[in-house]
1. Which of (1) within 29 Å of Ser146 (Cα to Cα); (2) surrounded by fewer than 18 Cβ atoms within 10 Å (Cβ to Cβ) is the odd one out, the single condition Gly7 does not satisfy?
2. List, please: which pairs have Cβ atoms under 6 Å, are six or more places apart or on different chains, and start with a residue in the range 46-61 that is within 9 Å of Pro97 (Cα to Cα) and of a type outside the set (A, V, I, L, M) and end with one that is in a helix (DSSP H, G or I) and more than 10 Å from the ligand (Cβ to nearest atom)?
3. Of these, Ile144, Ile77, which one is touching a Lys or Arg at 6+ places or on another chain (Cβ under 8 Å) and not charged (D, E, K, R)?
4. Return only the number of the condition from (1) over 17 Å from Arg183 (Cα atoms); (2) surrounded by 13 or more Cβ atoms within 10 Å (Cβ to Cβ); (3) in contact (Cβ under 8 Å) with a residue 60 or more places away in the chain that Gly74 does not satisfy.
5. Which numbered condition trips up Glu23, out of (1) open to solvent by 50 Å² or more (accessible area, probe 1.4 Å); (2) out of contact with any strand residue (DSSP E or B) (no Cβ under 6 Å at 6 or more places or on another chain); (3) not aliphatic (A, V, I, L, M)?
6. With (1) of a type outside the set (Gly, Ala, Ser); (2) in contact with a Pro (Cβ under 9 Å, 6 or more places away or on another chain); (3) open to solvent by 10 Å² or more (accessible area, probe 1.4 Å) as the list, and Glu93 as the residue in question, which single condition is left unmet?
7. Scan the range 60-94 for residues that are modelled with pLDDT of 95 or more, more than 13 Å from the chain's Cα centre (by Cα) and within 15 Å of the ligand (Cβ to nearest atom) and jot them down.
8. With the requirement that a residue be away from the ligand (no atom under 16 Å from the Cβ), open to solvent by 10 Å² or more (accessible area, probe 1.4 Å) and not charged (D, E, K, R), what does the range 117-147 give you?
Amino acid sequence: MKKPTLGVLALQGAVREHLQMVERCGARGIPVKYPPELHLCQGLIIPGGESTTMGRLMTTYGFLEEIRSLVAEGMPIYGTCAGMIMMARRLVEGDQPLLGVMDITVRRNAYGRQVDSFETDLVVREIEEAEKPFRAVFIRAPWIESVGPGVKVLAEFDGRAVLAVQGHMLVSAFHPELTGDDRIHRYFLRLVEERVAG
Ligand code: GLN
């Protein structure tokens, strides 16, 4: 099979680490700075960063509508941290531009400002070698407060969902691009390959 191309939205945030991970998984990774570049991609990653800034830039550049319609047509999409916030249909508080494509409710900065960031070992279902823990880095992270009926939770931390999938849409509250464990990127790549294969 030809290498799929995965785009990483490159307006703001942790772009380079995702591109490296994508290449490591054997796919081609390209930074996406303008909406027409989305059409070169078979899948899209929305990185972590600051969701209010990202939402503002996405509105200015005309990304929101374009991504919504591609995702509605079935393009696989994966949001990490701020990217997960962007993909949520609802936030517990606050009003900011969202893609709103996935049936989840998300709480921003859920772990409190005192514990800005932390690492922990998670049990992640459905990835390769799922019996091996996944080292997860949380940075001013959100959590998933509740999920709709079509959403499957793949990992929890402290009783809260932190990794979930709904069809071709994947979200994580943490940053799997920072630890060198590529199993979650591989899981996403599988969603892309399934879609490419039809
Ligand atoms: N706290 C950020 C926000 O609310 C997300 C942090 C991150 O992406 N690491 O947008």
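1. So Gly7 meets the others, but not (2).
2. none
3. Just a single option satisfies the conditions, and that option is Ile144.
4. (2)
5. So Glu23 meets the others, but not (2).
6. Tallying (1) of a type outside the set (Gly, Ala, Ser); (2) in contact with a Pro (Cβ under 9 Å, 6 or more places away or on another chain); (3) open to solvent by 10 Å² or more (accessible area, probe 1.4 Å), Glu93 fails exactly one: (2).
7. Within the range 60-94, Arg90, Leu91, Val92 meet the criteria.
8. Matches in the range 117-147: Val123, Ile127, Ala130, Pro133, Ser146, Val147.
The values are calculated or read from the model by the stated rules, or taken from the named source; none is laboratory data. Fair warning: this is a prediction, and the values are worked out from it, not measured in the lab. Positions of Cβ are backbone-derived with ideal geometry, glycine not excepted, and every protein chain shown enters the neighbour counts. Heads up: the accessible areas ignore ligands, DNA and RNA and are worked out on the full protein's heavy atoms, side chains in. Shrake-Rupley method; radii C 1.70, N 1.55, O 1.52, S 1.80 Å.
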